[in-house]
Structure formats: C-alpha cells, structure tokens
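Colleague: Starting off with a structure, shown below.
The values are calculated or read from the model by the stated rules, or taken from the named source; none is laboratory data. Bear in mind the structure is a predicted one, so any value in this text is a computation, not a measurement. When we count neighbours, we look across all protein chains shown, and the Cβ atoms used for this are built from the backbone with ideal geometry, even at glycine.
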Amino acid sequence: MRFFVVCPGGLEVPLAQELAEIAGRPECKALGAWVIDPTPTSPTGGVGLAAPLSAAMALNLHSRIASRVLLQMAQSPYRQEEDLYKLASGLAWEEWFTSKQTLRVDVTAHRSPLKSLNFATLKIKDAIVDRLRDVTGDRPSIDTAFPDVRVQAHLTSTQVTIYLDTSGEALFKRGWRDEKGDAPLKENLAAGILSITAWKPGQALFDPMCGSGTFLIEAAQMTLSIPPGAIRAGMYGDDAKPSRLAYRPLVTSAHGFGFQRLKPFNETTEQKRWVDLKEAVLAQMLEKRKQYPSVDALKISGGDINEKLVSMFKGNWQRAQLPDQPAVRQVDALAAKPPGGISEGVMLLNPPYGERLVIKGGRGQDRASAQNEQYDDVDEPENRFEMNLETGRQSAKRSSRESLKKLQAQEEQDPKFVEFLRQFGQHLKDDFGGWNIFVLTADMALPGQLRIKESKRTPLFNGPLECRLFKFEMHVKRPA
C-alpha cells in the first residue's frame, strides 16, 4: 500500500527520520516490508512510503510529528471534472466503509487547471455516493463536522491522487489537553522542534516560558516511551478518558482514529495486529518507568510567570499519564536559573508573539488571552494537503506577512517589550553559559533584540504563521 504522511511545513526531514525509527521497531517489522521515500530536499508537506496496510495503525500510534496518515486509493491523469468522477466511481468504496457511515470529502490543488475546487469536490463526493447507492441500495450522509470517514483528493496540474484519511482528527490532538485554546503551539510541531534541537532523553531540558507545557510534556512522553496516540488508542482504559475538549470525535464516537472506522481494520487479523502493537508499547513503557522512577530523573523542568498557565500545565501533565507533578514553578523568566545548577543542557521556548511581557502577571493574562484566540477546534492549514495552494497560498502568505509586520510593529512601538528582550538576552549570557538555547518566534529580528548572534535558524510554520527556530550557543564566561 502507498501512504503519504502529512506534517507541518519545515519538518519533512525530522519526519523521515521518525518514520525510519518506527519502521525499525520489531513489532512494526513483523507487519511486512516498509520502503520510505527519499528524504525531501524541499518542502513537500510530508513524506511518502510503501508499507503493509497494518502500517497505518503503527504510524497513527507512534508518529509524534505527523498531522495525518493518508492511504492512497488511486492516482491518474485528469483534464476535467468528469475524469475525477470516473476515477472515484471506479473505486470499491463498499469494501472500506458502509452507506450507514457519514462522509466528508476535501480537495486541495497546486496549479490545477480546474476553475472551481468546490465543483471538483462535489464531483468526487457524488461519485462515492453514487457508487455506494448502486452497490448497496443506500447512500451515506455528508457530515463536515464529525464524519466517520474522510476522503482527501489532491490535484496537480495533470494528476489527481485520492486518499483515505486513516487518522480522523489531526494527530496533534493527543487527548491530554483539557483547556480549549490554552496554547497556540501544536503538539506535533513541538515534537518536531525537539527533534531539530537534537535533545535526547536524559539530557536537561528547560522552558522558562512553558505556558501549558507542550514542549515539556512531549519530551517527557518521549523519555518514557509513551506513544502520542496512547490515549486515543484507549491504552489506559477508564483510567485516562480523553478530555471532552481535547479533540472532537470522542465526544460522539468511541474510536480515536479514522482507521478504526474502516472495514479492513476491523477484520480479525488486523485487530490482532493492533493488540500486538499496543502490547509491545506497554512493555516498553514499563521498562522506561523503571529507568526513570521520578520526575527528577527526567531532568525536564519549566517555569512561567502566569499562575493560571502553570496550573494548566500541571493538569495536562497528569492527563498525559506522566508521573507525579511536573517540575514547574511560577517565576519570571528574568529570574529563572539553570535547574539544579546544571551547567549545560537545552533551553527551548516559544515566547508570546509581540505580547507585552509585564511583570507580576500582566503578561500572563495577555498571553493566555492571545493563546485562546490562536488555538481552537478549527485545524489551521499547514501544507499542500490542508489548504488549496492554487487559491489559498497567496492569501495565506499575505496573511502571514501582514500578521508578522503587525507583530513586529507592535514590538517596535513597545519599549517595555524591547527592554525585556535586551534584559533576557543578558540574563542568558550571565546565567546559562554552556547551554544551547532554542527560540521559536515569528519575529525575524529577535537575535538583534536579544543582542546574541544565532548559530542557526530553521524556517518553520506554526499553523499559517511563518516562524524561525533560532539556535544560540551560550559560551561559558571565563573568570576575570
């Protein structure tokens, strides 16, 4: 089978590395041969691979960086909408789902000659509905909010590819985030950034502006070998019911992944493989708990000036099935010190974009409000499989540029924010010698504001917002 694993823009290389690691797991090797496409050298929105059908279960369970796992159903040249109808109507949809299940169809395009993607979407939807009606005598209903089955089509200038979405809701929705809208940083982007930093379990990790703890929770789960899909896979039973606000389908469905609503995955053989995948994970998790018996052993810690966000972090940590309480305290970033006096480690932070950093909690209130506006139930387009590039890319880019200019203008007009960055940069020089500092920001001028020269900058997208991950290597001060 052919798959395309979608990821946030800029994370194709870390995703390819992660896919190789998943394919190399003994229980995944046992499923059959995996052949991962060459690592993309330019942004592609994801990575393709050939693997057995069962690989969809392993990918959805284990991939921390993926947004979706798409199963390719067909690919063909096309010239007009009728070609789309012909291709889609020729597929045996009845072998994958029933007419009693609800359906959603999405179409994206890059340089497609078709005038209307809405019409293209309608033709594919009609083809699927007509096929099921002809075969079963009944037709599925359309549900754009909570569909049982998602079909995705992508158009290039000459080719159409049709996929079944095996993920359902986007995979960054892990199931542990309870507070709706409590952070703008998506979990899979945080995981990809951790990969870019080259941080490894057992190494000190510190976030002085941790907010609701996305970076730190992803790192802790990685250390303890807790797969990102553990809660959605029901691995904790009634002890860890997913939050009703964590992601939408569990409000109305007992299944956490799209493949669980597809016929082939409910066959006895596939069900046995699904159980085996989860049992292998549980055994590994038990071993890691012995290796890291306490929070202190994790060497993962954070702080934030806002008490409400610290409380959110603690709640998310517990729902993510992590031990005890997180090593976090309410503290101003300018007063934060290396945890435990450690002389080297990784600091990773995602400061508020252009928000005023007011001491004594004012910043935190502004930050929480801004986060609520940026993170909601609507999946922001991240790449060519989540938005129409032909009609949407320019507007998205323009929106990002305008947002960035607005943010930068706000910062330029806010002397308190500029002064905070100067003080924070000096604080890093004075107290974090020997540490590698990584900052995700939409402010391209951040190094100058910190008065520190970056050693590396990596382009990334946080939803539609173009960002940079800056790396700063802090040198140890020599005694006078």
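Colleague: With 217, 196 as the choices, which residue is at pLDDT 95 or above and surrounded by 21 or more Cβ atoms within 10 Å (Cβ to Cβ)?
Modeller: Only one candidate passes the filter, namely 217.
Every residue, every condition in (1) crowded, with 16+ Cβ neighbours inside 10 Å; (2) aliphatic (A, V, I, L, M), yes or no:
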| position | (1), (2) |
| --- | --- |
| 16 | yes, yes |
| 27 | yes, no |
| 30 | no, yes |
| 35 | no, yes |
| 50 | no, yes |
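Colleague: Could you list, in sequence order, the residues of the stretch 436-458 that are out of contact with any Lys or Arg (no Cβ under 6 Å at 6 or more places or on another chain) and either within 22 Å of residue 188 (Cα to Cα) or touching a residue at least 60 places away in the same chain (Cβ under 8 Å) (or both)?
Modeller: Scanning the stretch 436-458 gives 436, 437, 439, 440, 441, 442, 443, 458.
Colleague: Okay, next question. Kindly check whether there is at least one residue in the stretch 290-310 that is touching a residue at least 24 places away in the same chain (Cβ under 8 Å), under 30 Å from residue 54 (Cα atoms), surrounded by 22 or more Cβ atoms within 10 Å (Cβ to Cβ) and out of contact with any Gly (no Cβ under 6 Å at 6 or more places or on another chain).
Modeller: Within the stretch 290-310, not a single residue is touching a residue at least 24 places away in the same chain (Cβ under 8 Å), under 30 Å from residue 54 (Cα atoms), surrounded by 22 or more Cβ atoms within 10 Å (Cβ to Cβ) and out of contact with any Gly (no Cβ under 6 Å at 6 or more places or on another chain).
Colleague: Could you identify the single residue in 167, 157 that is surrounded by fewer than 21 Cβ atoms within 10 Å (Cβ to Cβ), in contact (Cβ under 8 Å) with a residue 24 or more places away in the chain, of a type in the set (Gly, Ala, Ser) and farther than 30 Å from residue 328 by Cα? Give the steps one after another, and end with the answer.
Modeller: Details: 167 fails: surrounded by fewer than 21 Cβ atoms within 10 Å (Cβ to Cβ).
Sole residue among the options that is surrounded by fewer than 21 Cβ atoms within 10 Å (Cβ to Cβ), in contact (Cβ under 8 Å) with a residue 24 or more places away in the chain, of a type in the set (Gly, Ala, Ser) and farther than 30 Å from residue 328 by Cα: 157.
Colleague: Which condition from (1) touching a Lys or Arg at 6+ places or on another chain (Cβ under 6 Å); (2) under 23 Å from residue 204 (Cβ atoms) is the one that residue 347 breaks?
Modeller: It is condition (1) that residue 347 fails.
Colleague: Could you list, in sequence order, the residues of the stretch 49-80 that are in contact with a strand residue (DSSP E or B) (Cβ under 9 Å, 6 or more places away or on another chain) and within 11 Å of residue 1 (Cα to Cα)? Can you show your working first?
Modeller: Residues of the stretch 49-80 in contact with a strand residue (DSSP E or B) (Cβ under 9 Å, 6 or more places away or on another chain): 49-51, 53, 55-56, 59-60, 63, 65-78.
Result: 49, 50, 51, 53, 55, 56, 70, 71, 72, 73, 74.
Colleague: Using beta carbons and a limit of 9 Å, which pairs, at least six apart or on different chains, have the first residue in the stretch 262-285 and under 16 Å from residue 166 (Cα atoms) and the second one surrounded by 17 or more Cβ atoms within 10 Å (Cβ to Cβ) and at pLDDT below 95?
Modeller: What qualifies is 274/233.
Colleague: Quick check: anything in the stretch 14-21 farther than 16 Å from residue 276 by Cβ, among the acidic types (Asp, Glu) and in contact (Cβ under 8 Å) with a residue 60 or more places away in the chain? Steps first, please.
Modeller: Restricting attention to the stretch 14-21, the residues satisfying the condition of being farther than 16 Å from residue 276 by Cβ are 14-21.
Narrowing the set further to residues that are among the acidic types (Asp, Glu) leaves 18, 21.
Then drop every residue that is not in contact (Cβ under 8 Å) with a residue 60 or more places away in the chain, which leaves 18.
Yes, that holds for at least one residue.
Colleague: So, one more: Filter the helices (runs of 4 or more DSSP H) completely within the stretch 266-337 down to those with at least 1 residues that are among the charged types (D, E, K, R) and touching a Leu at 6+ places or on another chain (Cβ under 6 Å).
Modeller: Working: elements: 268-291, 295-298, 307-319.
In the stretch 266-337, the matching helices (runs of 4 or more DSSP H) lie at 268-291.
Colleague: Restricting attention to the stretch 125-169, which residues are assigned to a loop (DSSP other than H, G, I, E, B) and in contact with a strand residue (DSSP E or B) (Cβ under 6 Å, 6 or more places away or on another chain)?
Modeller: Going residue by residue through the stretch 125-169, those that are assigned to a loop (DSSP other than H, G, I, E, B) are 137-141, 143-148, 156-158, 166-169.
Residues satisfying the conditions are 140, 144, 147, 158, 166, 167.
Colleague: Among the residues of the stretch 122-141, which ones are closer than 11 Å to residue 84 by Cβ and surrounded by fewer than 18 Cβ atoms within 10 Å (Cβ to Cβ)?
Modeller: 122, 126
Colleague: Please count how many residues of the stretch 434-480 are more than 23 Å from residue 339 (Cα to Cα) and basic (Lys, Arg).
Modeller: Within the stretch 434-480, residues that are more than 23 Å from residue 339 (Cα to Cα) and basic (Lys, Arg) number 5.
Colleague: Can you tell me how many residues in the stretch 63-88 are closer than 25 Å to residue 267 by Cβ, touching a helix residue (DSSP H, G or I) at 6+ places or on another chain (Cβ under 7 Å) and surrounded by fewer than 21 Cβ atoms within 10 Å (Cβ to Cβ)?
Modeller: Final tally of qualifying residues: 1.
Colleague: Further question: Taking residue 101, is it over 30 Å from the mean Cα position of the chain (by Cα) and either over 19 Å from residue 3 (Cβ atoms) or surrounded by fewer than 18 Cβ atoms within 10 Å (Cβ to Cβ) (or both)?
Modeller: Details: over 30 Å from the mean Cα position of the chain (by Cα): no; either over 19 Å from residue 3 (Cβ atoms) or surrounded by fewer than 18 Cβ atoms within 10 Å (Cβ to Cβ) (or both): yes.
Considered against the rule, which asks whether it is over 30 Å from the mean Cα position of the chain (by Cα) and either over 19 Å from residue 3 (Cβ atoms) or surrounded by fewer than 18 Cβ atoms within 10 Å (Cβ to Cβ) (or both), residue 101 comes out as no.
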